[in-house]
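What follows is one structure encoded as structure tokens, with my remarks underneath.
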Amino acid sequence: MDKIILQAHELFKDAGFNYAICGGFALEMFAGKNYRGHEDFDITIFDCDKHKALQFLHDKGWKLYARYEDTRYANIRSIGDKCLHLIEDPQNNKWDDCDNAVAVLPGSYATPVFIQRAGVYALKFDEPKLTKLDFIKIVFNKRQDDSLTAKGTSLPLDKAVLYADGIPYMAPELVLYLKASEYHWAHPLQKHKTKADFKAILPMLSEGGRQWLVYAIVAEFPDEWDG
């Protein structure tokens with residue numbers, strides 16, 4: 001098991017909320033092998049646990065940034081019961097419409113840097129590859145009854161979240177669906193990684209998993225994926 005995955009599980013296993021590893025690391029957990037490098041570490045947390053999770057990371061010394069627009073992030077100053085308080089957010093300094101956030105440890109290779117708009121940051125990467133758990137991308141997905149809902153599609157929880165050595169990770173067909181949904185507006189490097197992921201993982205999916213993936217992509221994003 002990759003040491004970064006083990007570091008993440010050690011951090012979150014007793015945090016008091018559910019989480020699952022997603023993105024490229026989840027695909028490699030499914031495959032049982034490493035097949036490419038990683039620039040970030042992704043986890044998913046239920047939207048209902050957003051404030052609890054952010055407060056947990058804040059108390060552990062992580063700097064937190066909510067996605068403001070596309071690849072721009074606003075610094076989270078504090079976490080209230082019902083809203084996130086952002087520093088100098090030009091629109092509204094009490095904001096809870098946050099489906100993505102990043103957590104950064106001091107000294108991380110991912111450095112938030114100011115851009116022109118006050119209080120909004122972009123991320124500068126000083127290294128081409130993540131070597132330790134000091135930068136986490138967090139996606140907040142919804143739990144509806146016993147299903148996980150992400151970007152317009154749902155899977156029952158027992159199919160959406162799998163386990164390897166007791167560590168939860170997002171099912172590969174759902175990870176690939178999310179990657180496909182972002183393909184057309186992604187950076188060329190991200191597109192290259194997505195193609196590598198499909199090439200490595202698609203043959204390993206069950207017939208049911210492949211059928212679900214094709215249906216989900218065609219039904220929800222008919223114009224956003226060229227295969």
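Across the stretch 130-136, in residue order, what do the Karplus-derived ³J(HN,Hα) couplings come to in whole Hz, using 6.51 cos²θ - 1.76 cosθ + 1.60 with θ = phi - 60° and x for Gly and Pro?
Running phi through 6.51 cos²θ - 1.76 cosθ + 1.60 with θ = phi - 60° gives 6, 10, 7, 7, 10, 8, 10 Hz.
Just to verify a number: FRET efficiency for Asp165 and Phe17, C-beta to C-beta distance, R0 = 30 Å, to 0.05?
The computed FRET efficiency comes out at 0.90.
Please list, ordered by chain and number, the residues whose modelled amide H lies under 5 Å from the amide H of Ser108; skip anything fewer than 5 residues away on the same chain.
Distant-sequence amide H within range of Ser108: zero hits.
Once amide H atoms are built 1.01 Å from N in the peptide plane, which residues 5 or more positions from Ala20, or in another chain, come under 5 Å H to H?
For Ala20, the qualifying residues are Thr44.
Among Lys33/Lys60; Lys63/Lys151; Lys13/Lys129; Lys129/Lys179, which pairs are too far apart, with a Cα-Cα distance over 21 Å?
Lys33/Lys60; Lys63/Lys151; Lys13/Lys129
Return the long-range amide H neighbours of Ile76 (sequence gap of 5 or more, or a different chain), with a cut-off of under 5 Å between placed amide H atoms.
Hits under the 5 Å cutoff: Leu64, Tyr65, Ala66.
Taking the mean number of other Cβ atoms within 10 Å as a proxy for protection, how do you rank 129-141, 193-205 from highest to lowest?
Ranked from most to least packed, the peptides come out as 129-141, 193-205.
Mind checking the full-extension length gain between Thr131 and Gln211? Use 0.36 nm per residue of separation minus the Cα-Cα distance, one decimal, nm.
25.3 nm
Which ³J(HN,Hα) values, rounded to whole Hz and listed in residue order, are derived for the stretch 141-148 from phi using the Karplus coefficients 6.51, -1.76 and 1.60 in 6.51 cos²θ - 1.76 cosθ + 1.60 with θ = phi - 60°, glycine and proline given as x?
Values, residue by residue: 10, 9, 9, 10, 6, 10, 10, 9 Hz.
Bear in mind that the values in this text are calculations on the coordinates, not laboratory data. Please read these numbers as outputs of a predicted model, since none were measured by experiment. Because the Cβ atoms are built from the backbone with ideal geometry, glycine has one as well, and the counts that use them run over all protein chains shown.
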